[in-house]
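Working notes for the structure below.
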Amino acid sequence: MTFRWYGENVDSISLKYIHQIPGVEGIVWALHDIPAGECWPINRIEEIKTQISKYNLKIDVVESVNVHEDIKLGLPSRRMYIDNYKNTLKNLAKVGVKVVCYNFMPIFDWVRTDLYKAQPDGSSTLFYEKARLDNISPFKFLEHMSREKALFTMPGWEPERLSKIRELFKAYEKVKEVHLWENLKYFLNEVIPVAQENNIKMAIHPDDPPWTIFGLPRLITSRDNIRKFLGLFNNPSNGLTLCSGSLGACEKNNIPEIIHEFGNRIYFAHIRNIRRFENGDFLETSHKTSDGSLDIAEIVRAYYNIGYKYYIRPDHGRHIWDEKSKPGYGLYDRALGIMYIWGLYDAFRKVQS
Ligand code: CS2
Ligand code: MN
C-alpha cells in the first residue's frame, strides 16, 4: 500500500502522519518543481530518498514523470525531450525506483469544474459538471478555474503551463486521434527498452475524464483502447496505472473485468469511487461502495483474485473534518480509504482460508 505525497514544504501532510496510517509501506512521489521535459538530477532524487527512508518508507513508485507536449505533438524537438526522459529513468533506477506513472493527455491532466464542491454533510469534494464544460471555451474555463482558487497548485495546472495554453491549442489543431496514437507509439519505442534495461515498469494513467474535452483527442479511455495501447509495444515494461475513478466515470468501463483482462500488466492501482449522474456529471465520493457508482468491494476482490502483487494507493479523497489540502489530496479521507481497502482484503483472505 502506498500514499501520494507532494514533498516537504509543499504538501500539507507530513511523512510522520503518513507513516502512522496502518499498512502504508511506500510513498508515491515526484519532483513537482521540475518542468516536463527536463532531466531529473540525481542529487534531487537522492535527497527525496533520504527524507522518505527516515520513516522506513519505500520510494518505489513515481507519479508522474510528465511527458513534454512536443512529444505528444510529434515535433522534431521531441528527440531532446525523449533523451531527457530516458536519462530521468536511468537516474530513478539508480535509487531503486520500480514503477513510473505518466499520462499522455494533451494539454490538460485531470479536469473538474469544481475543486471544493460543498456537500450536505459539511465536507467538500471534486465535481465534474458536464454541461458547464460542454458550453465553455477552454480559455473561459481557465478563467473560471483561477476563480476557483485552488489552495495549492495542482499537478498539470502549473501556472507556467497555463500561460502557454493558446499556443498549445493552435499546435493541436492538426493533431487528430490517429496522430496522437502514432506519437505515443514513437515514445514507447524509444522509452520502453530503456525502462526494461533499468528494471522499471512504465504505467500509463488513463485519461480523466475518459472522453474528449475541448475537442482534444484522448486515448486511454476504454477497455478496447487499453488493449490497443498494450499492443503498441508488447513488452512487460509497457504497462498500466489502473485508475478506477478515471475510467469509471464512463459507465461502460467495467473495472473488475478490466482488472481480470489486463491484470498482469497493471503495475499501479488507483482506487477511488465516484457517483455518476444521468446527465454526465460525476462527483468524487468516499471509497465506500454504497456511496458511489463503483463497486469498490468488487474492484478489491478482483485484485485479490488475480493475486495482485504490485502497488496500490487510494486515489483522491474528499476534504473532511475541516482539513485544508490540495484538492483531492487530504490526509483523512484517503486514510479512511486505505482502511476500507485493508478491511476488504482481510475479509477476502479470511473467507478463502
Ligand atoms: C490524478 C492525476 O487521478 C490521478 O491520479 O491525480 O493527476 C495523475 O497523477 C496523473 O494523470 C498521472 O500522470
Ligand atoms: Mn488516478
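Just so you know, all these numbers are worked out from the coordinates, no wet-lab data involved. This structure is a prediction, so every number in the text was calculated from the model and none was measured. For neighbour counting, all protein chains shown are included, and Cβ atoms are generated from backbone atoms with ideal geometry for every residue, glycine included.
Quote the charge dipole size of the chain about the Cα centre in Debye, to the nearest 20; the model charges only the Cβ of Lys and Arg (+1) and of Asp and Glu (-1). Present the calculation step by step, with values, prior to reporting the outcome.
On the way: 47 positive and 44 negative charges, 106 e Å.
Approximately 520 debye in magnitude.
Note on the stretch 224-323: semi-axes of the ellipsoid equivalent to its C-alpha gyration tensor, largest first and rounded to whole Å, are 25, 15, 12. If one computes the Cα centroid of the stretch 19-35 and of the stretch 160-227, what distance in Å separates the two points? So the two Cα centres are separated by 24 Å. Remark on the stretch 162-209: hydrodynamic radius 13.1 angstrom, per the Kirkwood mean of 1/r across alpha carbon pairs.
For D134 and L31, what is the calculated FRET efficiency with R₀ set at 35 Å and r taken between the beta-carbons, to the nearest 0.05? Provide the component values of the computation, followed by the final result.
Details: r = 36 Å, r/R0 = 1.01.
The value I calculate is 0.50.
Placing dummy labels 7 Å off each Cα toward the beta-carbon, the span from Y186 to F348 is 4.0 nm.
Computed across the stretch 1-42, the Kirkwood hydrodynamic radius from all distinct Cα-Cα pairs reaches 11.6 Å.
If packing is taken as the average number of other Cβ atoms within 10 Å across a peptide's residues, how do 98-104, 11-17 rank, most packed first? Please report the intermediate quantities before stating the final value.
Numbers: 98-104: 23.1, 11-17: 15.9.
Top of the packing list down: 98-104, 11-17.
Per residue, the convex hull spanned by the Cα atoms of the stretch 256-312 amounts to 86 cubic angstrom.
Modelled label positions at H19 and K164, each set 7 Å beyond Cα in the direction of Cβ, lie 3.8 nm from each other. Peptides 1-9, 222-230 ordered by packing proxy, namely the average of other Cβ atoms within 10 Å per residue, highest first: 1-9, 222-230.
Relative to 2.2 N^0.38 Å, what does the C-alpha radius of gyration of the stretch 40-98 come to as a ratio? Two decimals please.
Values: Rg = 13.6 Å, N = 59, 2.2 N^0.38 = 10.4 Å.
With N residues counted in the stretch 40-98, Rg over 2.2 N^0.38 Å equals 1.31.
Per-residue extension of 0.36 nm, minus the Cα-Cα distance of E261 and R223, leaves a gain of 12.8 nm for this segment. When you filter the GluC sites (Glu not before Pro) in the stretch 259-313 for DSSP loop state and at most 12 other Cβ atoms inside 10 Å of their Cβ, you are left with E278.
Using the structure shown, select from K201/K288; K201/K228; K49/K350; K176/K228 the pairs with a Cα to Cα distance greater than 25 angstrom.
Details: K201/K288 30 Å; K201/K228 18 Å; K49/K350 36 Å; K176/K228 17 Å.
The pairs that break the limit, which is 25 Å between Cα atoms, are K201/K288; K49/K350.
Stokes-Einstein diffusion for the chain at 20 °C, viscosity 1.002 mPa s, with a Kirkwood radius from C-alpha pairs, works out to 104 µm²/s. Size descriptors for the stretch 84-142 (Cα atoms only): Rg and Dmax, in that order, 18.2, 48 Å.
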